[in-house]
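Notes follow the structure.
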Amino acid sequence: MTSSNEQLASEKEVAVNFDAYFEGELNRLRKEGNYRIFADLERHAGEFPRATRYTGDTTHEVTVWCSNDYLGMGQNPLVREAMHAAIEKCGTGAGGTRNISGTNHYHLLLEAELADLHHKEAALIFTSGYVSNWASLGTLGSKIPNCVILSDSLNHASMIEGIRHSRADKVIWKHNDVDDLRAKLAAIDPDRPKIVAFESVYSMDGDIAPIAEICDAADEFGAMTYLDEVHAVGLYGPRGGGVAEREGLMDRVTVIEGTLGKAFGVLGGYIAGSAAMCDFVRSFSSGFIFTTALPPAIAAGATASIRHLKESQIERDLQKERVALVRARFDALGIPHMDNPSHIIPVMVNDPVHCRNISDILLDQYGIYIQPINYPTVPKGTERLRITPSPLHTDEDIDHLVQALNELWSQCALARNVA
C-alpha cells in the first residue's frame, strides 16, 4: 500500500516534470527568436502616442508606433467624458450576463448605433472581437443544418477557432483568390447551406479583399457572406463603416463583424445583419449567453466614438497623410516595407532574431515601441515590424522613427530596396 509521503513525492515529481516540459518549450521559443515579451507601458491620457515604460524601478518615455488604436480615439475627450458620465450614472460593472441582469440601456444604444453604421436591421455586441467571431461563426456553423463554411486561407485565428468549434465542414480557399473560391463553391452540393467567411483588411500584410467579386461568387452559388471588418471600421468609408461602406457593398454582405477595440478606441466586438440573424446568434450562442456583459461605461464610450467618427473626417484624412509620409520616407532610404492599399505598414526584416533585436534596441535606446511580429502570427521568414501611423504622430516623431530604422538597418547589414 502506498504511503501518503510516497504519494506526495510522486505528485511532486509529476509537477516538476510538467514544469521541465514548459521551460523546455519556452527555451525553444527563445532560441528561435519567437518568445513574446510584453513591454510594461502606461499610456498618457490625452497624449497619445506617448507612454511611460517601466523597467524594474526605473521609467522612461516612449512613443508607440504599433497600436491598433488607429485614430487615437482611446484618448479622445468626447469618449473619455462619455465613459466618466456612464460610471457616475451606472457604476462600473454590468452586473451579470445580458440574460440574467446585465443588459443596460447603454448596450441597446450601442447596438442601435452599430446597426445604423452598417445600414443593417440589428447588431449584437460581445466582449471582444475575438469572441464575436468565435461565437458567431461557431453558432451559425453548428446550428444551420449541413452547413459548410468556406474560409479564406489567411483568416484570423478567431475565425478559424469559431469554424473549428462549429464542427461544420470547412473548405479553405486561396487568399483573396475569387477563382479558387468559385471553383470550391461549384464543387459543393448546391442544396447545402454555405457561408463564405473572409476579412476586408488583413492585419499583417495590410492587403484588402475584393469584396464585390467575392459577393458575386457567393450570390451565384447561394452562399451567405460573413465579413470581418475589424481593421477597417472607423477608418474607411464616409462614416467609418469599413471597406464595404467605402465601396457601396454593405447591403450585399449578410453578416458584418467588427470591433470596438481598434479604431473606435474602446473594447468589445459585434456583428450586424438582419434582425432574425442577430436574434438567432443571441439565442443560441454560448459565447454570448454565458458571458458577463460589457460594462456600461465601455458601451457609452464606444457609442460616443462611433457617433463622432460618423461625422468627422479629420482623423481619417490626417491618418492617411501620416501613412503616406512614412511610406515615402522609407522608400527614400530603401527600407523594405510591404506595398498595400491600407493603413498598415509592415517593415520586412525576414529574420526572427534580427526582428526581436531591432525591436529591443528601438525600445531601449531610441524610446520607440514597435512589437516584433514573428511566427506563428506570420510565416517563418516573413518576420516584420508592423507600423501603424496615427493622426497624432508628429513630423518630429516620424523623423525620429525613420532615423532610428535607417541606423539599425545599417548596423544589422539588412538588405535595402534599390530604386
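A few points about this structure:
- Residues being more than 12 Å from Arg322 (Cβ to Cβ) and in contact with a helix residue (DSSP H, G or I) (Cβ under 9 Å, 6 or more places away or on another chain) - total across region 390-419: 17
- For region 303-330, a tally of residues being in contact (Cβ under 8 Å) with a residue 60 or more places away in the chain and in contact with a strand residue (DSSP E or B) (Cβ under 8 Å, 6 or more places away or on another chain) returns 3.
- Check on Thr63, within 30 Å of Asp364 (Cβ to Cβ) and in contact with a helix residue (DSSP H, G or I) (Cβ under 7 Å, 6 or more places away or on another chain): yes
- Residue-level analysis places Val353 among those that are assigned to a helix (DSSP H, G or I), open to solvent by 20 Å² or more (accessible area, probe 1.4 Å) and either of a type outside the set (Gly, Ala, Ser) or without any contact (Cβ under 8 Å) to a residue 24 or more places away in the chain (or both).
- Matching residues, region 88-142, being in a loop (DSSP other than H, G, I, E, B) and within 21 Å of the chain's Cα centre (by Cα): His118, Thr127, Ser128
Okay, residues lined up against (1) more than 30 Å from Arg28 (Cβ to Cβ); (2) not hydroxyl-bearing (Ser, Thr, Tyr):
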| residue | (1), (2) |
| --- | --- |
| Arg329 | yes, yes |
| Ile335 | yes, yes |
| Ile344 | no, yes |
| Tyr375 | no, no |
| Ala404 | yes, yes |
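- Positions within region 364-413 being in contact (Cβ under 8 Å) with a residue 40 or more places away in the chain, closer than 15 Å to Thr63 by Cα and among the polar types (S, T, N, Q), in sequence order: Gln371, Thr388, Ser390
- Subset of region 95-111 that is under 10 Å from Pro295 (Cα atoms) and of a type outside the set (Gly, Ala, Ser) - its residue that is most open to solvent (accessible area, probe 1.4 Å): Thr103
- Residue satisfying all of: in region 143-169; within 14 Å of Phe288 (Cβ to Cβ) and over 17 Å from the mean Cα position of the chain (by Cα); surrounded by the fewest Cβ atoms within 10 Å (Cβ to Cβ) among these: Lys143
- When residues of region 331-350 are limited to those that are of a type in the set (A, V, I, L, M, F, W, C), open to solvent by less than 30 Å² (accessible area, probe 1.4 Å) and in contact (Cβ under 8 Å) with a residue 60 or more places away in the chain, the one nearest to Ser410 (Cα to Cα): Ile335
- Pairs where the first residue, in region 286-301, is under 17 Å from Ala263 (Cα atoms) and in contact (Cβ under 8 Å) with a residue 24 or more places away in the chain and the second is of a type in the set (S, T, N, Q) and open to solvent by 10 Å² or more (accessible area, probe 1.4 Å), C-beta under 7 Å, 6+ apart: Ala299/Asn104
- The set of residues from region 395-416 being open to solvent by 10 Å² or more (accessible area, probe 1.4 Å) and touching a Pro at 6+ places or on another chain (Cβ under 9 Å) comprises Asp397, Leu414, Ala415, Arg416.
- Elements of type strands (runs of 3 or more DSSP E) in region 25-72, at least 3 residues being loosely packed, with under 15 Cβ neighbours inside 10 Å: 50-55, 58-64
- Checking Glu220 against (1) more than 21 Å from Asn133 (Cα to Cα); (2) touching a strand residue (DSSP E or B) at 6+ places or on another chain (Cβ under 7 Å), the condition it does not meet: (2)
The values are calculated or read from the model by the stated rules, or taken from the named source; none is laboratory data. What you see is a predicted model; the values in this text were computed from it and never measured. Don't worry about glycine lacking a Cβ; one is built from the backbone with ideal geometry, like all the others, and counts go over all protein chains shown. For the accessible areas, the whole protein counts, side chains as well, though only heavy atoms, and no ligand, DNA or RNA atoms are used. Shrake-Rupley method; radii C 1.70, N 1.55, O 1.52, S 1.80 Å.
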